Amino acid sequence: MTKRKFKIVLTGPESTGKTTLSELLAAHFDQTLCSEYAREYTTNIQRPITLEDIRLMHDIQMNKEASSWKLTSKILFCDTDVLNFKIWIEHVFQQTPDWILKSLSENKYDFYLLCFPDIDWVPDGIRVNQLDRMIIYEKFLEELENANANYFIVRGKEEQRFTNCVTAIDNFLLLNS
């Protein structure tokens, strides 16, 4: 009998703790982490991001995710997802390319941890949407609601945020394993 595997994604606006939480959760559950490629890519370019850059980051991220999925025994924690790319493109470029809609329909996640912007903004030279975090959060929430996705809103400071995620994941696994 094949054991069921799950994709759990941390998503939401910039500077809401997604990377930290995804690393902590993967370690806590001793499972596979697919890190965010966009951060690595954007750190190394010294010009404005283009739609072509986003397409490249998306394609590499999806390849990383597919490779990571093969390695996981039960849970693949994803430190970004297609929805993140879609909302970023819509917010920055005011368009939704067909390729992102196709990817959104093809790449499914079992459980979303939507990070609420209730922690301090941490500038890092890459983040650009400090004043738009709540607007962007609302876009994520609307998309998840419209997709009838299984999600949990992550709130709280540091340790409480992590504890809330662990409880939500434990409950999700209990209901779905």
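The values are calculated or read from the model by the stated rules, or taken from the named source; none is laboratory data. All values derive from a computational prediction rather than experimental measurement. FYI the Cβ positions are ideal-geometry reconstructions off the backbone, even for glycines, and counts take in every protein chain you see.
Looking at the stretch 154-167, which of the residues that are surrounded by 17 or more Cβ atoms within 10 Å (Cβ to Cβ) and within 16 Å of the chain's Cα centre (by Cα) is modelled with the lowest pLDDT?
Among those residues, the one meeting the criterion is R161.
Mind listing whichever residues of the stretch 71-89 are at pLDDT below 95 and surrounded by fewer than 17 Cβ atoms within 10 Å (Cβ to Cβ)?
Scanning the stretch 71-89 gives L71, S73.
Please work out if T11 is at pLDDT below 90 and in contact with a strand residue (DSSP E or B) (Cβ under 8 Å, 6 or more places away or on another chain).
Numbers: at pLDDT below 90: no; in contact with a strand residue (DSSP E or B) (Cβ under 8 Å, 6 or more places away or on another chain): yes.
No, not satisfied.
Could you list all residues from the stretch 100-118 that are out of contact with any Pro (no Cβ under 6 Å at 6 or more places or on another chain), surrounded by 13 or more Cβ atoms within 10 Å (Cβ to Cβ) and either in a loop (DSSP other than H, G, I, E, B) or free of Cβ contacts under 8 Å to residues at least 60 places away in the same chain (or both)? Spell out the reasoning first.
Within the stretch 100-118, the first condition is being out of contact with any Pro (no Cβ under 6 Å at 6 or more places or on another chain), and the residues that meet it are 100-116, 118.
Among the residues that remain, those that are also surrounded by 13 or more Cβ atoms within 10 Å (Cβ to Cβ) are: 100, 103-104, 107, 109-116, 118.
Of everything in the stretch 100-118, those that are out of contact with any Pro (no Cβ under 6 Å at 6 or more places or on another chain), surrounded by 13 or more Cβ atoms within 10 Å (Cβ to Cβ) and either in a loop (DSSP other than H, G, I, E, B) or free of Cβ contacts under 8 Å to residues at least 60 places away in the same chain (or both) turn out to be I100, S103, L104, N107, Y109, D110, F116, D118.
Only one of V122, V92, V128 is at pLDDT below 95, part of a helix (DSSP H, G or I) and surrounded by fewer than 19 Cβ atoms within 10 Å (Cβ to Cβ); which? I'd like the intermediate steps shown before the answer.
Details: V122 fails: part of a helix (DSSP H, G or I); V128 fails: part of a helix (DSSP H, G or I).
Being at pLDDT below 95, part of a helix (DSSP H, G or I) and surrounded by fewer than 19 Cβ atoms within 10 Å (Cβ to Cβ) holds for just one of V122, V92, V128, which is V92.
Any residue in the stretch 34-54 that is within 25 Å of I119 (Cβ to Cβ), at pLDDT 95 or above and surrounded by 14 or more Cβ atoms within 10 Å (Cβ to Cβ)?
Looking only at the stretch 34-54, we keep the residues that are within 25 Å of I119 (Cβ to Cβ), and these are 34-43, 49.
Add one more test, that the residue is at pLDDT 95 or above, and what stays is 34.
Still in the list and also surrounded by 14 or more Cβ atoms within 10 Å (Cβ to Cβ): 34.
Among the residues of the stretch 34-54, at least one is within 25 Å of I119 (Cβ to Cβ), at pLDDT 95 or above and surrounded by 14 or more Cβ atoms within 10 Å (Cβ to Cβ), which makes the answer yes.
Go through the residues of the stretch 47-55 one by one and say whether even a single one is assigned to a loop (DSSP other than H, G, I, E, B), closer than 26 Å to I153 by Cβ and touching a residue at least 12 places away in the same chain (Cβ under 8 Å). Before the answer, list the steps.
Going residue by residue through the stretch 47-55, those that are assigned to a loop (DSSP other than H, G, I, E, B) are 47-50.
From the residues that got through so far, the ones that are closer than 26 Å to I153 by Cβ too are none.
Scanning the stretch 47-55 turns up no residue that is assigned to a loop (DSSP other than H, G, I, E, B), closer than 26 Å to I153 by Cβ and touching a residue at least 12 places away in the same chain (Cβ under 8 Å).
Out of (1) surrounded by 14 or more Cβ atoms within 10 Å (Cβ to Cβ); (2) out of contact with any strand residue (DSSP E or B) (no Cβ under 8 Å at 6 or more places or on another chain), the odd one out for A26 is which?
(2)
Would you mention how many residues in the stretch 135-177 are closer than 14 Å to D118 by Cβ, basic (K, R) and not in a loop (DSSP other than H, G, I, E, B)?
Residues flagged as closer than 14 Å to D118 by Cβ, basic (K, R) and not in a loop (DSSP other than H, G, I, E, B) within the stretch 135-177 amount to 1.
Just wondering, is there one or more residues in the stretch 16-32 that are of a type outside the set (K, R) and under 19 Å from S103 (Cβ atoms)? Steps first, answer last, please.
Narrowing the stretch 16-32 to residues of a type outside the set (K, R): 16-17, 19-32.
From what's left, under 19 Å from S103 (Cβ atoms): none.
Looking through the stretch 16-32, none of the residues is of a type outside the set (K, R) and under 19 Å from S103 (Cβ atoms).
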